[in-house]
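Comments concern the structure below.
The values are calculated or read from the model by the stated rules, or taken from the named source; none is laboratory data. Just so we're clear, the structure is a prediction, and the values are computed from it rather than from any experiment. When we count neighbours, we look across all protein chains shown, and the Cβ atoms used for this are built from the backbone with ideal geometry, even at glycine.
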């Protein structure tokens with residue numbers, strides 16, 4: 001995929017078309033019979049100079065199979081929790097973009113419908129880096145551990161990056177964000193309903209509320 005990404009692509013939709021042709025996708029799953037899908041980004045997301053970039057883990061199979069998009073309006077529990085946490089902020093969707101650490105999802109092997117592997121995330125890191133270059137966000141919100149790890153593969157080594165790599169999500173999540181030269185990184189819990197056992201929706205809404213505070217200070 002790296003050779004494709006090196007082409008001069010300055011358009012998100014063209015970049016996703018390149019991703020759909022990635023020759024390494026099936027190699028990442030160790031099974032050539034697995035069918036792979038790369039859902040497109042939602043049409044209502046911004047396409048350049050967005051304020052916020054959300055980095056999730058991987059597309060959800062249930063919602064993206066129906067819509068063909070990574071879209072917070074998809075009919076699946078993870079998208080529903082995203083909506084519940086995002087909508088109270090009152091931020092226009094044209095000011096945001098939502099992507100994933102791993103852009104593809106197996107569509108005919110449900111045993112592979114789980115968190116991405118390090119190999120899969122590294123394979124997508126060049127695509128994530130290019131998305132950041134095109135979108136030029138001021139705030140990056142990583143959702144779950146793999147969102148944060150994926151971003152780490154894209155950044156140059158620094159003391160701030162070392163600190164971010166050591167960070168672990170916990171009760172004091174609102175107390176921590178990381179300032180890089182180009183943007184601020186704010187790590188949050190994944191929007192899967194399974195995280196509600198560790199962090200209630202009420203507390204997560206407070207966590208998300210800090211997004212507006214960070215935007216005001218940019």
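Every residue, every condition in (1) touching a helix residue (DSSP H, G or I) at 6+ places or on another chain (Cβ under 8 Å); (2) buried (at least 21 other Cβ atoms within 10 Å of the Cβ); (3) touching a residue at least 40 places away in the same chain (Cβ under 8 Å); (4) in a helix (DSSP H, G or I), yes or no:
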{"site": "126", "(1), (2), (3), (4)": "yes, no, yes, yes"}
{"site": "141", "(1), (2), (3), (4)": "yes, yes, yes, no"}
{"site": "150", "(1), (2), (3), (4)": "yes, yes, yes, yes"}
{"site": "162", "(1), (2), (3), (4)": "no, no, no, yes"}
{"site": "170", "(1), (2), (3), (4)": "no, no, no, no"}
{"site": "214", "(1), (2), (3), (4)": "no, no, yes, yes"}
{"site": "218", "(1), (2), (3), (4)": "no, no, yes, no"}
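Out of all the residues in region 172-187, which are surrounded by 14 or more Cβ atoms within 10 Å (Cβ to Cβ) and either in contact with a strand residue (DSSP E or B) (Cβ under 7 Å, 6 or more places away or on another chain) or closer than 30 Å to residue 197 by Cβ (or both)?
173, 174, 176, 177, 178, 183, 184, 185, 186, 187
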Of everything in region 187-203, what is in contact with a helix residue (DSSP H, G or I) (Cβ under 6 Å, 6 or more places away or on another chain) and assigned to a helix (DSSP H, G or I)? Give them in sequence order. 193
Does any residue in region 59-76 that is in a helix (DSSP H, G or I) come within less than 6 Å, Cβ to Cβ, of a residue that is at pLDDT 85 or above and surrounded by fewer than 16 Cβ atoms within 10 Å (Cβ to Cβ) six or more places away or on a different chain, and which pairs are these? 63/75
